[in-house]
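Right, one structure below, let's go through it.
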Amino acid sequence: MRIASHAWRYAAPAFVLAPVAGLLSPVAGVVALALAGLVLVFHRDPERQVPSSGIVAPADGRVSVVRREGEQLRVGIYMGVTDVHVNRAPLAGTVREVSHSPGANRPAFSKESDRNENVEIDCGTFSIVQIAGAFARRIHPSVEPGDEIARGERIGHISFGSRVDVVLPEGIEREDLDIRKGERVVAGETVLAEHEEAVAEQRTQPRVVQE
């Protein structure tokens with residue numbers, strides 16, 4: 001089973017504690033080992049069958065947000081504790097900016113989560129926003145400005161629950177979506193909407209945004 005990066009730093013304390021806890025109580029040792037195992041399972045990173053066209057879901061979970069923001073449509077996906085938390089690119093493009101914004105840590109399924117800590121991966125015509133939740137305090141983007149990304153490619157993960165939004169390219173309307181609010185989607189596989197690939201090509205020079 002492939003495991004997302006950073007998983008071992010969370011599982012290691014429980015693995016180290018297990019022998020000590022086992023000396024005090026066999027049950028405590030087993031609990032520590034089970035906890036470490038659950039952390040690794042939480043960070044599992046399965047392969048996906050990426051379709052040859054369309055805008056794919058950036059995360060596993062349930063569609064919790066569909067709203068217009070200016071000329072673009074935002075689709076948000078809430079990731080429950082049993083969902084895979086590795087995030088994927090909805091379209092091919094070039095990363096222009098990766099910016100971190102501090103904020104609150106409200107439950108990711110609530111309306112207040114819009115003000116939560118987040119990392120935005122700006123690809124020009126579209127962007128992906130990784131949003132921290134009540135327990136998710138670790139957002140791990142794995143791309144940098146200037147990186148070329150392919151549809152369905154891994155772009156990072158969030159540890160311990162949260163939400164991922166995609167701000168779609170201009171010209172996509174609600175009626176163009178192949179999904180609806182409340183539906184479950186699979187990262188890199190579920191098509192959110194059909195779209196011409198040319199719109200995702202970036203021709204501007206990337207720039208780095210400092211925190």
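Readers should treat all values here as calculations from the given coordinates under stated rules, not as data from a laboratory. These numbers come from a predicted model, not from an experiment. All Cβ positions, glycine included, derive from the backbone under ideal geometry; neighbour counts span all protein chains shown.
Structural remarks
- For ARG180 and ALA34, the difference between the fully extended length at 0.36 nm per residue and the C-alpha to C-alpha distance is 48.9 nm.
- Summed residue charge, Cβ within 9 Å of TYR78's Cβ, Lys/Arg positive, Asp/Glu negative: +1
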